[in-house]
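Following: one structure in structure tokens, then a few remarks.
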Amino acid sequence: MNQLGFLPFVCISVQVVKHLEPFRLSLEKLKVVSTRLRKDMIRGLGKHTHHRAAVKMLPTFVRATPDGTEKGDFLALDLGGTNFRVLHVRVMEEEQKMVKMDSQLCAIPQEIMLGTGEQLFDHIAACLSEFLDSQNLKGQTLPMGFTFSFPCEQKEIDKSILIRWTKGFNCSGVEGEDVVKLLKEAIHRRGDYDISSVAMVNDTVGTMMSCGYRDQTCEIGMIIGTGTNACYMEEMKNVKRVEGEDGQMCINTEWGGFGDDGSLEDILTEFDKVVDRTSINPGVHTFEKMISGMYLGEIVRLVLMKLTEKKLLFKGEVSEALRTKETFETKFISMIEEPDSGLENAKKILTELGLTWDLVDARVVRLVCETISSRSARLCAAALATIVDRIRVNRGLPHLKTTVGVDGTVYKKHPKMQPSMHFLTPDCKIKFLVSEDGSGKGAAMVTAVAHSLSKHPHCMMVPPLCFTVRND
Ligand code: BGC
């Protein structure tokens, strides 16, 4: 036996594997999950059923993907995580590309994430003002897109009511309100510039639209980052809540809410239940809490705690850090699963967490990470397969070839998240296009498509979207 101690590893892992069993979802189980999601999607689209639907299926009023002829200069705002960004984007028709002219990042401190809506929008308006000054853009009129990555009931492209906060935000006085109105009010409070209208976009839609400019077969946008969600082009005749039968409309599924009605009870583990109970939004976004970056690290930490209590790890000794909520960051999972340096990374991370480990411990920790991230990837694959297959059936096709625009740190950084997304869709060939700066550029693209559609006599979108800056 070598220094790695093969035998003890095998002995321990049998018990460890037993504890990890509830996270392993068979192909059969994933198909059941997919069937449930399919039914929930139909419920979300229905005129009389959407009120109670866990999967909201929100109409976005985006009725066309880019055709490559869009052009112009745009401003894009992007709020979805701990940062707020303002971008100046140029869309160039000749070269079919979007260029980020410049951008500015403003951190959103925790006090603001949990403060009042007024504080949040004042902070955003201040950041925008600073950017316009730095770019010498005050006094110009540029169309503006606002990527706001939270579930919103979109009344029109420039009227969007926040249904609920997710991903650690909980600003008072915003749920149930029109986000565009709150932004405009904050800008008016400042009085140094003004805007006329804004195209509101979810980040999934931004991702689909920015990838759609590069590849016109892109009709799905998916995010696996701090949160998770997907959007896709649905046939208008199935969008019962919006008048009109012709053409298509992009639907923001808000699949993060899948399971909020208890439909995933059979696959939730005791650890998922603790993560939910101790979150700032218990009972909400059940599916997201099993998948996305905001929660994966915490699930791993809870499993490690349990295994240590059972004396299957660290000789039964828990460190202060491991006992503390959210100390095991999701990025550690990717680092520990790195094919070459993973084990070395695991050792460093465990030492930093104040744990006394041996090689068997490091391997068990890696197994725990692999189990949790692989469940996340398999659940996403099942959900994506549901959407892709819905598009195929909608079009009455035996086979479908389609492109999915993808963004999010978990998808981009995790070494094994990208492969294995195909196994549930034998009738469909899926191409994944990783978006660069999708949220920001996509908002500009939605605005650009809105603009070019508004020039056509049968414009199916919104009136021209304008951004006016007063310079006084
Ligand atoms: C939000 C979605 C968003 C997703 C990814 C979720 O928490 O509800 O609107 O698309 O995160 O950012």
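Coordinate-derived values only; no laboratory data. Treat the numbers as computed from the prediction; the structure is a model and nothing was measured. For neighbour counting, all protein chains shown are included, and Cβ atoms are generated from backbone atoms with ideal geometry for every residue, glycine included.
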Need the list of aspartates and glutamates near residue 429 for cross-linking: C-alpha distance under 17 angstrom, and skip anything on the same chain fewer than eight residues off.
215, 219, 389
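Using just the helices of the chain, give the 222 nm mean residue ellipticity in deg cm²/dmol: DSSP H runs with n ≥ 4 each add -39,500 (n - 2.57), and the total is spread over all residues, rounded to 500. Spell out each step's value before the answer.
On the way: 15 runs with 192 residues, N = 472.
Per the formula, -13000 deg cm²/dmol.
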With a 24 Å threshold on alpha-carbon distance, the violating pairs from 331/416; 56/289; 240/273 are 240/273
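Calculate, in nm to one decimal, what residue 52 and residue 107 gain on full extension: separation in residues at 0.36 nm each, minus their alpha carbon distance.
On the way: separation 55, 0.36 × 55 = 19.80 nm, distance 3.54 nm.
Once the chain is fully extended between residue 52 and residue 107, it gains 16.3 nm.
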Fully extended contour minus Cα-Cα distance, from residue 189 to residue 311, at 0.36 nm per residue:
38.0 nm
Amide H contacts under 5 Å for residue 219, placed H, 5+ residues apart
403, 405
On a 0 to 90 degree scale, rounded to 10, what angle separates helix 359-394 from the longest Cα axis of the chain?
40 degrees
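Calculate the FRET efficiency for residue 26 and residue 261 from the Cβ-Cβ distance with a Förster distance of 25 Å, rounded to the nearest 0.05.
The computed FRET efficiency comes out at 0.60.
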What length, rounded to one decimal in nm, is gained on full extension from residue 216 through to residue 358, with 0.36 nm per residue of separation minus their alpha-carbon distance?
45.9 nm
Please compare each pair in 159/441; 237/401; 29/237 to a cut-off of 24 Å on the Cα-Cα distance and tell me which ones are over it.
29/237
Counting sequence-distant residues (5 or more places) and residues on other chains, those with an amide H built under 5 Å from that of residue 234 are 249, 250, 251
Amide H partners (placed H, <5 Å) of residue 434, local residues excluded:
406
